[in-house]
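Notes follow the structure.
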Amino acid sequence: MDYYFYVKALHIIFVVTWFAGLFYIVRLFIYFAEAAEKPEPERSILQEQFKLMQKRLWYGITWPSAVLTLIFGLSMWHLYGGTPNWLIWKLCFVMGLYVYHFLCHGIFKQQQQGKLKYTSTQLRIWNEVATLFLISIVFLVVLKSSLSMLWGIIGLILFSAILMLAIRIYKRVREKS
């Protein structure tokens, strides 16, 4: 059983670094999109720097962390010896998180080619999706209860509404200044 706790610790470490990469890569997407509004040569200089930063972060931290999270997560599941209901729900959210990761990879590839498909406001909203996955997964793992999950979903919906309101307010404040 001691082996389980080492695997669990490594899983948590790589979950943290994976989320750090996911949070920061979308910030870099936002900065890249906002740099497009700058005049030349500032635009080119900024976008080239952001592309380099994105590439280093994505391939140096985010992808390796996603792979190691998966490896240690599957190892932990095997060592756990069963699949309770809360774990099924967690795995559904984790699959959603990997879909989010792959969609971020698509945005990464577009921006590496100098293409802008999304505005900075759209990317700000996109950035909050990882937050919603993080909250959902942590509450499921810690509480492990269906009733708690119901309250968690209600809280998640309220939190999402507050995030959207905050993004709109932030956009208005930025437009005024």
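The values are calculated or read from the model by the stated rules, or taken from the named source; none is laboratory data. If you're wondering where the values come from, they're calculated on a predicted model, not measured in any experiment. Note that each Cβ is placed from the backbone with ideal geometry, even for glycine, and that neighbours are counted across all protein chains shown. Quick note on the areas: whole protein, heavy atoms, side chains included, nothing else; ligands and nucleic acids left out. Shrake-Rupley method; radii C 1.70, N 1.55, O 1.52, S 1.80 Å.
Counting only lysines at least 8 places from K109 when in the same chain, those with an alpha carbon closer than 30 Å to its own are K38, K51, K55, K90, K117, K171. Taking Cα pairs under 8 Å and at least six residues apart, what relative contact order does region 1-114 come out at, in percent? Across region 1-114, relative contact order equals 40 percent.
Neighbours of L103, meaning other residues whose beta-carbon lies under 13 angstrom from its beta-carbon, give a summed charge of +2 when Lys and Arg score +1 and Asp and Glu score -1.
For region 1-62, the solvent-accessible area of protein heavy atoms averages 58 Å² per residue (probe radius 1.4 Å; ligands and nucleic acids excluded).
Kirkwood Rh over Cα pairs of region 18-177 into Stokes-Einstein at 10 °C, 1.306 mPa s: D in µm²/s?
Values: Rh = 17.4 Å.
D = 91 µm²/s.
Per the Kirkwood treatment, what hydrodynamic radius in Å, one decimal, follows for region 1-54 from the mean inverse distance over all distinct Cα pairs? Write out the running numbers ahead of the final one.
Details: mean 1/r = 0.0757 Å⁻¹.
When all Cα pairs of region 1-54 are included, the Kirkwood radius is 13.2 Å.
Convex hull volume of the Cα atoms of region 22-99, normalised per residue: 78 Å³.
Positive-end ranking of P84, L68, S44 along the dipole of region 40-96, with charges on Cβ about the Cα centre, is headed by P84.
For the peptides 61-67, 76-82, the ranking by packing is 61-67, 76-82, with the highest mean count of neighbouring Cβ atoms within 10 Å listed first. Per-atom-type breakdown for the chain gives carbon and sulfur 70% of the accessible area (1.4 Å probe, protein chains only). Taking a ≥ b ≥ c as the square roots of the eigenvalues of the alpha carbon gyration tensor, region 98-138 is oblate, as a/c is not under 1.5 and a/b does not beat b/c. Over region 60-132, the hull volume per residue, using the convex hull of the C-alpha atoms, is 92 Å³. Sorted largest first by accessible area at a 1.4 angstrom probe radius, with every protein chain in place, the residues S160, S177 fall in the order S177, S160.
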